[in-house]
Every structure is written in structure tokens, then in C-alpha cells.
Amino acid sequence: MIRFNSVTKRYADGGVAVDSLDLVIDSGEITVLVGPSGCGKTTTLRMINRMVEPTSGHILLDGRDVTQIKPTELRRGIGYVIQQAGLFPNYTVLDNIATVPRLLGKTRRAARRQALELLGKVGLDPALAGRYPAQLSGGQQQRVGVARAIAADPPVLLMDEPFSAVDPVVRQQLQRDLLQLQADLHKTIVFVTHDIDEAITLGDRIAVMRNGGRLAQLAAPAELLSRPADTFVAGFVGRDRGYRALGFASAGHLPLHDEAVLRIGEPRGAARDRGQDGWVLVVQDALPLGWLRTTALDDAADDPVTPEMLNLGGTLADESGTLREALDAALSAPSGRGVVVHEDGTFAGTVTASEVLARIESRAAHLREQATR
Amino acid sequence: MTALWDYLRDNHAEIQSWAVTTLWLSLLPLLAGLALALPAGWLAARHAWTRDTLLALSGALYTIPSLVLFLVLPELLGTRILSAVNVGVALTIYVFALLVRTITDALTAVPSELLAAATAIGHSNLQRLWAVQLPVATPVIAAGLRVAAVSNVSLISVASIIGVSQLGQLFTLGESTETLTPIVLGLIFFVVLAFLYDGAILALTRVLTPWRKAARP
Amino acid sequence: MSSDLPGFASLGRWLNDPDNWLGSGGLLAHLREHLAFTVVIVLVAALIAIPAGIWMGHTGKGILLAGGFANALRAVPALGLLILLIVELSPHIHSRTGVGNLLAPGALPYFIPAALVLVILAVPPMLTNTYAGIQAVDPRAADAARGAGMSPLQVALRVEIPCAMPLILAGLRSATLQVIASLTVAAYAPLVGGLGRLIVDGQQNLIDPSLGYPAMLGAGITVAVLALVADGAFALAGRYVISPGVSGRRIRGRGTAAPQQSTLTES
Ligand SMILES: Nc1ncnc2c1ncn2[C@@H]1O[C@H](COP(=O)(O)OP(=O)(O)OP(=O)(O)O)[C@@H](O)[C@H]1O
Ligand SMILES: [Mg+2]
């Protein structure tokens, strides 16, 4: 657990970056610090490993005041990942990762062997071990940065906008992989970002900060979306937060409709018979593939249905997924019937947008009722 | 101060002739070196192999000590060893060697989007060089020229060691007579001359690149 | 003075005489002196310039001053400075001791001013290159190094200096070539050895075609060869002391080479 006790940081030029901050960061969780540029996120983060010394107040790491610990020793026990990784250009990937174990006195061989194992863990090809940072893509560099931070297995990980310099697709991958890694490692992660979506994706809890390093709200993502503490948080969390909050609301047991499906390779004639409102769902081994428009089929009734003929536009909703997923599946399906799948990916049934909306409406009424009580 | 002045007055005929030689030796090699380095740098910026060859050559030339060039050139040129021509040619070689690298780097550093845009609106290679590459590269080339001019001036006096007359004679004279006055006078001459070149090139660059002034905050 | 030149033919004849090679005043003895002086002077200058450059790159202090000083120094003729120091300093140095067969007894009053000039000339290129190199180190790499728990010394030794190595080495190379070249000028000081001795003395004997010019030419060419060899040695040393991740050399694969750092000082 990391505890900030009325911590203030005033820089030499007089500016107050962090103003009497009280904050508790729970162990084994990802706590995201989010807020507008210049609000003091980086300063807050860097005070934990004493890269910045507070002007007043105390920071306790598992009950120990960090100022009682020698900076180098403290930092060797805390992983640190920064924007664009900050890899050492003169070291190979392997030696970058081996840095902290080496500092802690491991032999080069042992540190390298361990570093090699870590490569796989962060999703990197071991063949990259001998490369230099300049030979890596931005995403690969970030992965090396993460591997370097966790190499000595520190209980705490500080990450300062680690994924902000890569493109959105890579960023999503990195986020997913970080969550997977965390499910394995249960580190205490403090993650700084100014991207509220990233905060919602990653955070067990989110600390929204406002200028001057003051805490505006500390809450779980769902709560932040549904009950922002004030107009600042509401504004920061964004306009479509109502819709995004559905991403945290379980869809429950939606009334699923059965659907006469067509297996890939069946004759086109069969499609016309089974189609409903001009569309039929095509599956392969019970996995939904896409929708086929029955009215547009030419006369070759005996020819098989091929994948090229399908409309792949629809998204899939998980049976035990969220309302947001279900609504998205319904709205994106060309037939207007959203495809819901079982946990193993096999077809479960369809649901319409109006049915999902009815469920959303009753949930909202329920919440309103709770709030007024 | 008066000692310097008296010395200058008493020896003005000799000093004047040395100064004329010094001026020529500072100016002509600079112009000749630049004139040679421009096409060479352009060539080097165009192909990898010309670049490698020219940069290796200029690097090697620059490595040879000036005194050595002053000595070897009479053999190669058939000039007299005490002729100022040797010194002029040697200094030209240094200016050339220094500027080839600068010009190559400056031309290569012109953003490729800019070049593509120039080609796209219909510039030929030569027009592109004249209208786009050279203007953009001018500040960098000018910086190189300033360095070349200043080190050129400070190299001239080395020729005194082999006996070529120019203002460096003031130093050797001071040494043989063990008097400070000509030495100090010589140092002032050379340093002032160097700063004059430096300032002149700087001013010329400002005139040639008026757009840079507009961009300054 | 003679106007008809003996030329390369007389150089051949001069070189053919083993005494001109091996004698106590021969080419090899002077080459040995030249090398020894170069090493000593560059070492002294490096011991001043490189730590100072690292400190300046770190703190950002004194850069304007050092830059201006380096620039101004470029305008000062080495010969003038040398003679100024000889006239000013030599009369105050009274030590008559010699150093082995490198410095003759009584040479010290002249060697000290000459060495001083050379150190003054050699410091700026190393200093400016070193601080520029340290300043150009990616601040994120240095930050990450501190964050990983390196002490300031470890950050400097493991990250900053290796990253700045191309520029530091370029500065060392410039300074070395400068010293090799300027030592010929330094021989203008009486009793100071090195290959310049043959050149300066040769000028006094220009009238005697069998002594003066061929000796000058032989020594001059040897200096040039020495400079080229030193240049090559630095290029070779670069392969060993510069990490491929920094130099971009020999790294293939994605084809993204490390950013090329340009040398700020020319040799
Ligand atoms: N070393 C410093 N010296 C003086 N002021 C600083 C320093 N570092 C940060 N500040 C100031 O402190 C405030 C908080 O900075 P900080 O870097 O913590 O913000 P941030 O929330 O991380 O912003 P960003 O999202 O842009 O990274 C800013 O106003 C900044 O200008
Ligand atoms: Mg920040």
C-alpha cells in the first residue's frame, strides 16, 4: 500500500505542482492517475520513487516513509516505465532488461538468462534479444520497457504514460497484455495517463486529478462514469460517459431469439427458405461467420454459400457480457438482430436493439429509484 | 599602446607589404575553396559512392598538417619553396576539405518532402538546387564558411616557419629580437582579421536569407 | 637562398642514408619524440577536458563561456601564441634537467611553453564535443537509469558516457590530429624535438640541398603519414568502444539505424 499524507510539492520556481495530496493506493491493484496536462500526475508518481522530493508531507510505502530509504535502494525495488520507454541505446534488449538484476548484484549470466525468460512474458520474440533499441518498433520498445521494470520482480510498478507514443491499435494490444500480465503478477501499479479511455480500460481505481495536483475523485471506473463527484470530473470523463457506463453494466439474461442458421457450404437455395426479413446468419462449426442477404442471391440455387458472399459488419456480444456489447452487436448487425455467443464462441441467439434498450431503460429507472430513496 | 603605435609607424613599409600578402592569402583560398567545394558537395550529396569517396578524400586532406603541405606542394606544383603560391594552394585545399563535408551535410539535410514538393511543381534538378536546396542550406554552409575563414587566417602565419613572408613575420621577428611589441601587434592583426571575416560572412548570410529574420521570435 | 629545388630525387638519396633514419638526429628518433609528446599532451588535455565536459554537459553550466572561448581560440595563430609564451615564460624557467632522451638538458624552458600552447589548443575540441555529447544523451534514457536505481556515477559510466562516446571520441581524434600537426609548429621553439625539428632546422639549411629540403620533406611526409595512421587508429578504436546501438553500425534487421550524431568540431 502506498499512502500520501498531505504531500505538497513546490518547485524551485514557486509553482505548486501538488497541493497537500492525500491518497491511498491499494496493493495488487492498478491505480490510474488521470487528469489534464500539467495537473501534477508525473510529479505525484515520481515522488513515490524519490525522483522528486516532496516539499512537505510524507509518502509511506507499506508503512515505511520513503525518505528513510536510500534512493538507489528504493528505486531498485520499484519498477519504472516512462513514455517512449527510455531504453538505454547502448545496451541490447537483453542487457536493458537485465539492468536492475545486475544492479542488485546478480551475475551477468544469471541476469541475462532471466531477461530472456521475461521476453516471452511481455510478448516479445526471443529473437529480438540481441537487438538494440534503435532496431525496435515503438510498441516493441515499450514492451522492453515493461520487461525491464519487472525484471527484478518489484512489488510496485510506476508507469508514466507508457503507451502514449504508439498508435491506437498497438496501444490497445499493449493495454490488453498489461492486464493479462497483471492477472498473473498482482503488482501494485500506479499508472499515469491523460487518456480517460485508457484509465477506464486499465484501472481498478481511477484517481482524477485537477490542476495543482489536487485529487478530484478516487473511484472505480463504473462509479466514476455513473457518479462523477463534480462538474470538473463530469467534464473530464467526457460527454458519452452514459453510454460508456454501459460497458460496466452486466447485460443479465437477455431474451434471446432462436435463429435458423445456415452452415457454410450449404446450397444457396436453402438460404432463401431459412432467411428472416431478408437476412440469414451463416455459421461454421457453430461459430457465427457473418450475415447473408437472401434477396440478393442469384439463381444458381445449388451452388454452395461461400465466405466472400457474407456481410461481416456485425460485432458479437458475449452471453455474460455488458449492455454496451449487446447494444453494439444489435446496432451493428445488418439484419438488426445482434448476435450473442456462448463463452466458447458458439452461437447462442440474437437480440434486437429495442430489447436491449428496454433493459437499459429499466436499469436506469432502477438506479433513479435508488438515488431518490 | 604607444609602443605598438610607434612600432607600426617605424616599420610601416614592411608591415604594409606583409599585410597585403596576408589579405590575399586569407581571401583567395576562401573563395577558391568555396567555388570548388560547392559542385563537389552537390555531387557528394547525390550518390552514396561519390559521397563516400569525396568525404574520405577531404578527410585525408584535412588530416595533413599545414606545414607539410607548404613543403610538399613546391614539389608537385614546380613552384619555388618560398613562394606564397604554395601557401595559397595549401589553404585552398583546407577550405575545400572542410567545406565539402559541410555542404554535403547541408544539402542532405534538406527535408525530402521539400524536395519532392519542388519536383512535383515542375522544377528540374538544377532549378531545384538553385531555388530550394541552396537557399535552405545557406545558413549551414555559411556556418562552415565562418569556421573555414577563421582557421584559414590563423594558419597563414605558420608559413613563416619555412620563410614565406606575411604578417607572421612579426612573430618570428619578435622571437629573434626577444621583444614583445611585434608579437602582440601580430596577434592583434590576425585576431582582428579573423573576426572581420567572421562578421562579414555573418552579415552576408543575413542579407542572403531574409526569411530567417522573419522567423526569429 | 636557393631557388632551384633538389626535389624528390634528393629525398630518395637522403632516405637512402641509414644515418638519416637511425642516427640520434634521424627520422625514427624524431618520430619517437613526436609520438611521445603527442601522447603526453593529449593525455593531459583529455584529463582536463573530458571530466570538465561531462560536468558541463550535466549541469549545463559554463557552456556559453567555453563555446565562446573555443571559438575565439580558433582565431589565435598557434605560432604567435607559442612565440609569445616563449618570450614571456622561458626566461623565468630555470630548470636545466632533461628527461631521458626525449628532452635534452636545458630544453625545459622551451618545452613548457610549447606544451602549454598545445594543451590550450587541444582542450577546446575535446571539451565542446564532450559536453555536446553528454547534452545530446536522450534525457529519458538518463531518467530511466536513475529510476532503475543507478547512482549518479553509474548513470554517467553506464549510460551517459557510452551514449556520448561517438562525440567524445571525435573530440579526442580532433585534438590528437591537432597536436600532431601543431607539434611541427612547436619545433619553432629551440631544443624542442619531434619531427618539426627536422623541418625547422631544414629551413636554416635550405642552402645546402643535401641537408635542408630533403630532411624537411622526409619529416613532413612522416608527419602526414603519422596523422593518417592516427586517424585510422581512431576509426578502428571507435569500433570497439562505441556500442553498435549508438553508432548504428553493423545493425541490420529493421533497417532503422541509430540517429547519426554529427561531429561538432572538425579535425
Ligand atoms: N522540474 C520542474 N520545475 C518546475 N516546474 C515543474 C517541474 N516539473 C513540473 N513542473 C510544473 O509542475 C506542474 C505539474 O507538472 P507534471 O509534470 O507533474 O504534470 P503532468 O500532470 O504529468 O502533466 P502531463 O500530462 O503534461 O505530463 C506543471 O505546471 C509543470 O509546469
Ligand atoms: Mg507527465
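The values are calculated or read from the model by the stated rules, or taken from the named source; none is laboratory data. Not measured: the values here are computed from a predicted model. Note: ideal-geometry Cβ built from the backbone for every residue, glycine included; neighbour counts use all protein chains shown. Remember, those area values only see protein heavy atoms, side chains included, never the ligands or the DNA or RNA. Shrake-Rupley method; radii C 1.70, N 1.55, O 1.52, S 1.80 Å.
Need one number: nm distance between label points at C:Asn205 and C:Leu22, each 7 Å from Cα along Cα→Cβ, rounded to one decimal.
According to this spin-label approximation, the distance is 1.9 nm.
Going by alpha carbons, how many degrees (0 to 90, nearest 10) lie between the helix axis of C:212-241 and the longest principal axis of chain C?
20
Largest first, please: the extent of the C-alpha atoms of the range A:105-244 along each principal axis, to the nearest Å.
55, 30, 28
Per-residue ellipticity at 222 nm for chain C, helices alone: DSSP H runs ≥ 4 residues times -39500 (n - 2.57), over residue total, nearest 500 deg cm²/dmol?
Calculated mean residue ellipticity at 222 nm is -22500 deg cm²/dmol.
Summing -39500 (n - 2.57) over the DSSP H runs of n ≥ 4 in chain A and dividing by its residue number, what mean residue ellipticity at 222 nm do you reach, to the nearest 500 deg cm²/dmol? Walk me through the intermediate numbers first.
Values: 14 runs with 131 residues, N = 373.
Rounded to the nearest 500, the figure is -10000 deg cm²/dmol.
Taking 30 Å² as the minimum loss, tell me which residues in the range B:19-68 lose that much accessible area going from the chain by itself to the full protein complex (1.4 Å probe).
The answer is B:Tyr62, B:Thr63, B:Pro65, B:Leu67, B:Val68 - residues whose exposure falls by at least 30 Å² when every protein chain is included.
Go through C:Gln203, C:Gly60, C:Ala122 and say which Cα lies farthest out towards the positive end of the charge dipole of the range C:8-266; charges sit on Cβ, +1 for Lys and Arg, -1 for Asp and Glu.
So the residue furthest toward the plus end is C:Gly60.
With a ≥ b ≥ c the root eigenvalues of the C-alpha gyration tensor of the range A:113-171, is it rounded (a/c under 1.5), prolate (a/b larger than b/c) or oblate? Kindly include the intermediate steps, with their values, before the conclusion.
Values: a/c = 2.03, a/b = 1.09, b/c = 1.86.
Oblate is the answer for the range A:113-171, as a/c is 1.5 or above yet b/c matches or exceeds a/b.
Where Lys and Arg each count +1 and Asp and Glu each count -1, what net charge lies around A:Ser226 among other residues with Cβ under 12 Å from its Cβ?
Values: positive: A:Arg227, A:Arg241, A:Arg244, A:Arg363, A:Arg368; negative: A:Glu223.
Summing Lys/Arg as +1 and Asp/Glu as -1 gives +4.
Out of the total accessible area of the protein assembly as shown (probe 1.4 Å, heavy atoms of protein only), what percent is carbon and sulfur? Working shown, then result.
Details: 23170 of 39020 Å².
C and S atoms contribute 59 percent here.
Assuming a ≥ b ≥ c are the square roots of the Cα gyration tensor eigenvalues, decide whether the protein assembly as shown counts as rounded (a/c under 1.5), prolate (otherwise, with a/b larger than b/c) or oblate.
Numbers: a/c = 2.91, a/b = 2.26, b/c = 1.29.
Prolate is the answer for the protein assembly as shown, as a/c is 1.5 or above and a/b outweighs b/c.
Among B:Val95, A:Leu178, A:Pro168, whose Cα projects farthest towards the positive end of the dipole of the protein assembly as shown, with charges put on the beta-carbon of Lys, Arg (+1) and Asp, Glu (-1)?
Farthest towards the positive pole: B:Val95.
Spin-label point model (7 Å from Cα, Cβ direction): what's the B:Leu204 to C:Leu64 distance in nm?
The two pseudo-label positions are separated by 2.9 nm.
For the range A:157-239, which trypsin sites (Lys or Arg not before Pro) are both in a DSSP coil and crowded by at most 12 other Cβ atoms within 10 Å? Numbers along the way, then the final one.
Values: sites: A:Arg171, A:Arg176, A:Lys187, A:Arg205, A:Arg210, A:Arg214, A:Arg239; in loops: A:Lys187, A:Arg239.
Passing both the DSSP loop test and the Cβ count: A:Arg239.
Compute for chains C and B the buried accessible surface, both sides summed, probe 1.4 Å, and express it in Å² to the nearest 100.
On the way: alone 14530 and 12020 Å², together 23120 Å².
Interface between C and B: roughly 3400 Å².
Helix C:108-135 sits at what angle to the longest principal axis of chain C, using alpha carbons and giving 0 to 90 degrees rounded to 10?
Between the helix axis and the principal axis of chain C, the angle is about 20 degrees.
With charges only on Cβ, +1 for K and R and -1 for D and E, what is the dipole size of the protein assembly as shown about its Cα centre, in debye, rounded to 20? Walk me through the numbers before you get to the answer.
On the way: 67 positive and 67 negative charges, 273 e Å.
The calculation lands at about 1320 debye.
At 1.4 Å probe size, with every protein chain present, just tell me what the per residue accessible area of the range B:2-210 comes to in Å².
Normalised by residue count, the accessible surface of the range B:2-210 is 45 Å².
Using the charge dipole of the protein assembly as shown (Lys, Arg: +1 at Cβ; Asp, Glu: -1 at Cβ; taken about the Cα centre), state which of A:Gly212, B:Ala84, A:Tyr243 has its Cα farthest towards the positive end.
Of the listed residues, the answer is B:Ala84.
Report, in debye and to the nearest 20, how large the dipole of the range B:2-210 comes out about its Cα centre when Lys and Arg carry +1 and Asp and Glu carry -1 on their Cβ. Can you show the working numbers first?
Values: 8 positive and 10 negative charges, 139 e Å.
In debye, rounded to 20, the range B:2-210 gives about 660.
Using only alpha carbon positions, build the gyration tensor of chain A, then give the equivalent ellipsoid semi-axes as the square roots of 5 times its eigenvalues, largest first, whole angstrom. List each step's numbers first, then the result.
Working: eigenvalues 441, 166, 46 Å².
In descending order, the three semi-axes are 47, 29, 15 Å.
For the pair C and A, how large is the buried accessible area, both sides, in square angstrom to the nearest 100, if the probe is 1.4 Å? Walk me through the numbers on the way to the answer.
Working: alone 14530 and 18130 Å², together 30430 Å².
Approximately 2200 Å², summed over both chains.
Classify the range A:214-353 as rounded, prolate or oblate from the Cα gyration tensor: take a ≥ b ≥ c as the square roots of its eigenvalues, call it rounded if a/c is under 1.5, otherwise prolate when a/b beats b/c and oblate if not. Intermediate values should be presented prior to the final figure.
Details: a/c = 3.68, a/b = 2.91, b/c = 1.26.
Prolate is the answer for the range A:214-353, as a/c is 1.5 or above and a/b outweighs b/c.
Where only protein heavy atoms count, and the probe is 1.4 Å, what is the accessible area per residue for the range A:18-172 in Å²? Each step should come with its number before you reach the end.
On the way: 5860 Å² over 155 residues.
Heavy-atom SASA per residue in the range A:18-172 reads 38 Å².
Roughly how tilted is helix B:12-46, in degrees to the nearest 10 and between 0 and 90, from the longest Cα axis of chain B?
Taking Cα atoms only, the helix is inclined about 20 degrees.
Please report the net charge: other residues with Cβ closer than 9 Å to the Cβ of A:Thr55, K and R +1, D and E -1. Don't jump to the answer; show the numbers that get you there.
Numbers: positive: A:Lys9, A:Arg10; negative: A:Glu53.
It works out to a net charge of +1.
Explain nothing, just the number: dipole magnitude of chain C about its Cα centre with +1 on each Lys and Arg Cβ and -1 on each Asp and Glu Cβ, in debye rounded to the nearest 20.
Details: 15 positive and 12 negative charges, 229 e Å.
My answer is approximately 1100 debye.
How much net charge surrounds A:Thr350 when only other residues with a Cβ under 9 Å from its Cβ are counted (Lys, Arg +1; Asp, Glu -1)? Present the calculation step by step, with values, prior to reporting the outcome.
On the way: positive: A:Arg337; negative: A:Asp258, A:Glu259.
Charge balance near A:Thr350 sits at -1.
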